[in-house]
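*Asks:* One structure is given below, represented as structure tokens, and several questions about it will come after.
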Amino acid sequence: MIFKESISDPGTRGVGTKFIIALLAVLLSVVFSIGCRGKASPLAPSTASEPIPDSRPQNSYADVISRVAPAVVTIRADKRVRAPQQFPFMNDPFFRDLFGNRNPQQPQEQVERALGSGVIVSPDGYVLTNHHVIDGAEQIKIDMNDGRTIDAKLVGSDPPSDLAVLKVPGNALTFLTPGDSDKVRVGDVALAIGNPLGIGQTVTMGIISAKGRSTAGPGAGNFEDFLQTDAPINQGNSGGALINTNGELIGINSQIIGGMSGGNIGIGFAIPSNMARSVLDQLVKNGKVRRGQLGIGVQRVTSDVAESLGLSDTKGVIVTSVRPGSGAEKAGIRRGDVITALNETPVRETNAFRNQIAGFGPGAEVTLTVIRDNREQKIRATLGEFTDETAQAEQQQEGPASTAKLGLGVEPITPEIAAQLNLRPGTQGVVVVNVDPAGPAAEAGITRGDVIEEVNRQPIRSADDLRAAIARSGNRPALFLLNRRGETIYLTIRPRQ
């Protein structure tokens, strides 16, 4: 009655209506606020300050390793080699007089046993390993993870990539399929599996430290695109597996930069799985690898080069030489051209560019974006084939410091280098700046930072002096006088023929 009157009474109608509206507004506000606690409005930015919890760390990789370990094997390769000359100075009359003109008896041959690792990459027994593990081997045996030892057959080997393919009998073997190494990121966790120092299968962990590494440089004739890792890798790990935490094969362990004792210091290199897959497919199908070649020498565009050419930035590579008769010469590429893109993909550094060209294969047509006289143009070129002969020509073009027969690169000694190596004032020679791990220099024990003072008792002052001395040696081992951080030693090297 009272309620009815209050609604119908003209004097109180506005007050009642306002009260009801206000009450409804309060109720709606409460309901809305409760609902918003469960779900934020998509129209308003979140004001929550609570941190997002980290994902739970992985405390064990045992399940991954137990799944992939049977696919990683030990490789034992035996080869007969001519025994190194223990008295390399006997051709010198001075030294011969010390022995009364008598040549000491020396063994003619000896058996050299190489120990490495490999990865089974197919259920029917194809095995990937390093070329340097089986190079020159007359007998190859594989120790399987289950304790068996099996004779292996060499399917094919590719020295420029340091990869080889073996075959063992089988039809249901545990294997690893090469994954997509392009998806690997710097900082990803990596696991290395192999047989370091012959102690048995070992697993080590680290991260991917860098991508696209090259240790020998283009003048050495190698094709390198290494994944760098700090997962401990030592002698015997060569050819083993580098996997990610999903158990995918992302690389084939290949080499290390060792410390004073030659052991691991956290700088190891693996051949990326995409390169390994390409080499594997070609070796299984054809027994050899064919690569494209443009026929030019290139170097990185530095700030000084860009400024001298009037370029706005340092992108691309500059052509330093063009081999006569090559696809580059036929296409009209000139020395001094700056190549900024290959098939519309930006070119940023020399090693990657060379690997990309090689990957297209001989006979392929490519489009190069070139800056010449500050004008951009497109040039189409047909690639030739990379061969030993064209490789030597390329090595000569890509820098006078490359010595292909020795497998090393040298530079003149500068005051800065002399100070860094603690050389005595007046030290003459050339300093070793890179060494092909599969080359004669590395086999003889030469390392980066060694200074070559003499070859066959002749002073060396330049890379040309070094090449001339090696040419005069012919098929005979050359006697090197090295300065290694202030100490001089003799080594003999038999150059490549």
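*Asks:* How far apart, in nm, are the 7 Å Cα→Cβ label points at ARG67 and THR492?
*Replies:* 5.3 nm
*Asks:* Over the C-alpha atoms of segment 123-250, what are the Rg and the largest Cα-to-Cα span, Dmax, in Å?
*Replies:* 15.1, 43
*Asks:* Divide, for segment 279-362, the radius of gyration over alpha carbons by 2.2 N^0.38 Å, where N is the residue count.
*Replies:* It is 1.25.
*Asks:* If you build the convex hull over the alpha carbons only and average its shadow over all orientations, what do you get for segment 317-379? Give it in nm² to one decimal.
*Replies:* Over every viewing direction, the Cα hull of segment 317-379 projects on average to 4.1 nm².
*Asks:* Find, to one decimal place in angstroms, the Kirkwood hydrodynamic radius of segment 138-177, where the mean of 1/r is taken over every pair of different Cα atoms and then inverted.
*Replies:* 11.7 Å
*Asks:* Sticking with this structure for a sec: What's the center-to-center distance, using Cα atoms, between segment 113-157 and segment 289-344 in Å?
*Replies:* Their Cα centres are 40 Å away from one another.
*Asks:* Principal axis extents for segment 202-361, Cα atoms only, whole Å, descending order, please.
*Replies:* On the principal axes, segment 202-361 reaches 53, 41, 31 Å in Cα extent.
Computed from the coordinates by the stated procedures, all read-outs in this text should not be read as laboratory data. The model shown is predicted, which means the values in this text are computed figures rather than measured ones. So basically every Cβ, Gly included, is an ideal-geometry build from the backbone, and we count neighbours across all protein chains shown.
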